[in-house]
Each structure stands twice: as structure tokens, then as C-alpha cells.
Amino acid sequence: MEIEGRIYHRGEIIDAALEIDGGRIKRVKKYITGAKRIRGVIFPGAIDLHAHFREPGYEHKEDFYTGTMSAAFGGITFVMDMPNTNPPVSDAESFNEKLRTVSRKANVDFSLYFLLNENAQILREHNAAFKLYMGETTGAKGSEVTYVPHSFISVHAELNECIKKESTNLREHDLARPESCEVRAVKTLLGMGKFHIAHVSSVDTVDMCKVGRFTCEVTPHHLLLHRDMPLGSFGKVNPPLRARWIAERLWEELLIGRIDIVASDHAPHTVEEKEEEFSSAPAGIPEVETYVPIFMRLMRMEKIPLRRMVEVLMEKPAELIGIGKGKIEKGYDADLIAMNFKDVRRVRSRDLHYKCGWTPYEGFEAIYPHTVIVGGEYVIEDGEFVGERMGKFVKIEGNKF
Ligand code: DOR
Ligand code: ZN
């Protein structure tokens with residue numbers, strides 16, 4: 001297939017054409033006779049290294065089909081799914097079983113994390129991406145670090161010893177799981193290997209990541225929401241939303257490159273679950289369909305430069321796990337999204353494809369993609385879902401780290 005249009009290429013938007021063959025970009029050219037014109041601006045698909053699609057065990061919150069469909073509508077063409085499911089992904093059997101089930105339901109490309117535990121040595125043969133929960137949170141108890149594989153290890157950095165159990169509002173939740181808890185957790189990892197620190201919620205944590213030469217990610221909610229918003233338990237998340245000035249400082253850290261990437265931490269829970277008393281409501285916020293469109297809008301409003309936006313949403317996440325995605329270049333996977341910059345819409349939960357049916361970003365301005373292509377095939381065309389579950393499992397190779 002050949003397509004042409006205005007294409008983001010090496011920091012600029014240029015008129016160009018792409019020759020696509022076998023799911024990959026074969027050539028980037030000035031012009032190809034007969035190429036199909038795509039409206040708007042074409043970007044590489046976004047890469048989300050942190051999502052909870054809840055399968056197996058919690059399919060009433062989300063499943064792999066609705067999760068990856070929402071991802072596609074949100075401009076994400078590759079997603080890494082977290083292992084805090086029931087059963088958790090913690091041995092070869094649970095991994096293979098999950099892979100079998102979700103492969104049939106994937107609308108975008110994906111990979112799967114293992115829980116980092118004593119099986120890690122054996123598991124590396126299957127896939128070399130791990131998740132380490134240092135403290136307890138939804139679906140995980142927290143564990144000691146005993147063996148550190150030479151792999152991509154995403155860390156939930158909060159320590160049980162500094163987590164207080166009870167909180168009745170967002171401010172208390174912040175104080176019950178304070179920034180210092182995150183900083184201390186990262187500190188204990190210094191000198192133990194190479195880690196990627198998930199969802200940093202404090203500038204001090206970013207500083208500690210620099211000391212350890214760790215990479216780190218920030219979530220859209222720690223940038224765009226804060227603890228004094230009237231969200232109640234719908235804003236309950238671990239690590240917690242912080243004060244507004246911290247969100248603003250994290251945004252600066254992202255802009256200047258001290259935070260490497262944005263990842264969603266899409267963690268849906270149903271409205272009924274979230275409407276429980278604050279202290280017992282589960283933590284987590286759905287994100288996967290809204291953050292790339294919101295970032296596109298913020299880029300157009302000059303809150304983040306074009307080049308930096310593409311780095312943090314597309315290029316750098318792919319680089320961190322060593323996959324041939326995230327760029328429109330010869331040899332890269334033909335994962336593309338296109339949107340009209342003038343097509344600014346407000347986020348409405350009724351338009352989203354999550355099973356949970358809610359978003360904390362109601363009313364935010366966004367620029368959604370009208371076209372999404374994964375491996376050279378349309379998943380969304382002119383705003384319509386046309387995908388036939390063609391998402392592929394991508395093996396993360398450990399030796400790239
Ligand atoms: O708020 C959170 N929700 N933090 C986590 O670490 C887990 C996640 C979930 O799976 O719901
Ligand atoms: Zn998470």
C-alpha cells in the first residue's frame with residue numbers, strides 16, 4: 001500500500017509519501033504516483049508502556065478487546081499490559097494462558113509484563129519485561145527485590161513501611177502515601193541494576209532517578225490533575241495526585257527531558273466501585289483513550305513543542321524497550337495515526353470505548369485521530385472502527401538493555 005499526506009518526519013511536518021510492505025515502512029519518498037491521500041497530519045502511532053487491561057480476572061472493569069479498542073481510538077498502536085491480574089502473570093503457565101486469550105482480542109500490537117519474583121530467571125526466555133511492585137496497591141502485595149534480571153523492569157516505587165492505610169479524601173490520600181515514600185523506594189534500588197521508574201509523582205523522585213541512571217515515566221494524571229480538584233474517589237490513584245504546583249513542576253521536568261516518557265497507567269474501575277467510601281474505593285484512573293488527543297491539543301496551544309511531544313509519546317518509549325516502532329522511517333513498523341488539527345473536540349465519557357464508562361477529563365479539549373493504521377492495516381478509518389483483531393504480540397528482547 002502507498003499513502004501520502006503531511007507527515008511528521010525527523011522533527012518536521014513535510015509533504016511525503018510512504019511505501020508500506022509486509023506491515024513495515026519500506027520507503028519514505030517525496031512522491032509516489034497513485035498513493036492514497038490521507039487527510040490531516042500523519043504521526044507514528046503512540047507507544048504506551050503502562051496499561052491495565054484487566055484480563056484475566058477483572059473483565060468487568062475492562063478486557064483486552066475494549067482496552068485495545070480504546071487505545072486505538074486514542075492514537076495508541078502498541079501497548080504493554082501489566083501483570084496484576086487474577087491470576088497474576090507470574091509464571092510460564094499464566095503467561096502462555098494470557099497470551100493465548102488476549103491474542104484473539106488485540107486491536108493493536110502489544111506485549112505483556114511478568115511480575116518480578118523468584119521465577120524471573122526462568123521467565124526471561126519468554127519475554128524480558130518485568131513489573132516490580134515494591135509496595136501494596138490494587139492487585140499486588142509488594143515484594144522484596146531478590147533477583148534483578150538484565151531486562152526492562154518497570155517499578156512501582158512505594159514502600160509498604162511508609163504507606164498509611166486510611167484516607168478519606170484526596171488530600172489525606174496524598175499524605176498517606178507521601179512523596180518521600182516514593183523517593184525512599186527508588187533510593188533502595190540504587191546500585192542494584194537498571195530500572196525504569198513508573199509514574200513518578202515527585203520532582204525529588206526524578207532527582208533520585210538521575211542518581212541511579214534510571215529512566216522514568218510520568219502519567220497524564222500527575223501532569224494534568226491535582227489533589228485539590230473535586231474528583232473524590234474518582235481521583236484516587238497510587239501514587240496519589242499531588243498538589244497543583246507539583247504537577248506544574250513535573251510538566252517542566254518532562255519538557256526539559258529529565259522525565260523520559262509519558263505512559264498512561266490506564267487503570268479502570270467501574271463507577272460502582274469508585275462510588276464506594278473513599279477509604280475502600282479502588283485506586284486507578286482510566287487514561288488510554290484521552291491522553292494522546294489531549295497532548296495533541298496542548299501541542300497546538302504551544303504548551304509542549306511538536307518534537308518533544310513526539311519524543312515522549314512515540315519515539316522514546318519504543319526506544320526504551322528496543323522495538324522497531326515509534327518513528328516514520330524505513331524499516332519501522334507501519335503504525336500510523338492521522339488527525340486534523342482543526343478538529344478540536346471536548347472529551348465526553350459517552351464517546352469513549354472503555355467498559356468503565358467514565359473519565360476524569362470530561363470537558364478537556366482534545367484532537368482525536370480519524371485514522372489509525374497498525375502494521376499497514378486500518379484499525380480506524382474516517383473515525384470508524386474497521387479493525388479485525390489483528391494486533392500482534394511483540395517480544396521484548398532482554399539483551400537490548
Ligand atoms: O492506582 C493504581 N491502580 N495504582 C496501581 O499501582 C495499580 C492500579 C490498578 O491496577 O488499579
Ligand atoms: Zn499501573
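The values are calculated or read from the model by the stated rules, or taken from the named source; none is laboratory data. Here the structure is a predicted model, which means the values were calculated and not measured. FYI the Cβ positions are ideal-geometry reconstructions off the backbone, even for glycines, and counts take in every protein chain you see. Accessible surface is based on the protein model in full, side chains and every heavy atom, while ligands, DNA and RNA are left aside. Shrake-Rupley method; radii C 1.70, N 1.55, O 1.52, S 1.80 Å.
A few notes on this one:
- Computed over the chain, the percent of Cα pairs more than 30 Å apart is 35.
- Cross-link partners of Lys187 among aspartates and glutamates (Cα-Cα below 13 Å; sequence separation of 8 or more within a chain): Glu158, Glu179, Asp204, Asp207
- For segment 215-262 versus segment 379-397, the spacing of their alpha-carbon centroids is 29 Å.
- Amide hydrogen neighbours beyond the local backbone of Arg24, cut-off 5 Å, H modeled: Ala334
- Accessible surface computed residue by residue for segment 343-401, with neighbouring protein chains in place and a 1.4 Å probe, gives 49 Å² per residue.
- Averaging the sequence gap over all C-alpha pairs within less than 8 Å and six or more residues apart, then dividing by the number of residues, gives the chain a relative contact order of 22 percent.
- Computed helical MRE - 222 nm, the chain, DSSP H runs ≥ 4 contributing -39500 (n - 2.57), nearest 500: -6500 deg cm²/dmol
- FRET efficiency for the Val271 to Phe385 pair, using the beta carbon distance and R₀ = 35 Å, is estimated at 0.90.
- For the residue pairs Lys131/Lys194; Lys355/Lys395; Lys98/Lys327; Lys141/Lys316; Lys105/Lys342; Lys236/Lys395, the alpha carbons lie more than 24 Å apart in Lys355/Lys395; Lys98/Lys327; Lys141/Lys316; Lys105/Lys342; Lys236/Lys395.
- Helix 291-300 axis, angle to the chain major axis (alpha carbon atoms, nearest 10°): 60
- On Cα atoms only, tilt of 64-73 relative to the major axis of the chain in degrees: 60
- Across segment 51-145, the mean sequence separation of Cα contacts (distance under 8 Å, 6 or more residues apart), normalised by length, yields a relative contact order of 26 percent.
- In the chain, the portion of solvent-accessible area held by carbon and sulfur atoms comes to 47 percent [1.4 Å probe, whole percent, DNA, RNA and ligands not counted].
- A 1.4 Å probe run over the protein chains yields, for segment 1-67, 44 Å² of accessible area per residue, whole-number rounding.
- Entry comment: accessible area of segment 202-274 is 33 Å² per residue, from protein heavy atoms only and a probe of 1.4 Å.
- Under 13 Å from the Arg345 label point (7 Å along Cα→beta-carbon), backbone N, segment 64-92: 73-75
- Cα centroid of segment 296-344 to Cα centroid of segment 137-208, whole Å: 28
- Taking every C-alpha pair closer than 8 Å and separated by at least 6 residues, the mean separation divided by the residue count of segment 1-114 gives a relative contact order of 21 percent.
- Per-peptide average of other Cβ atoms within 10 Å, ordering 324-333, 43-52 highest first: 43-52, 324-333
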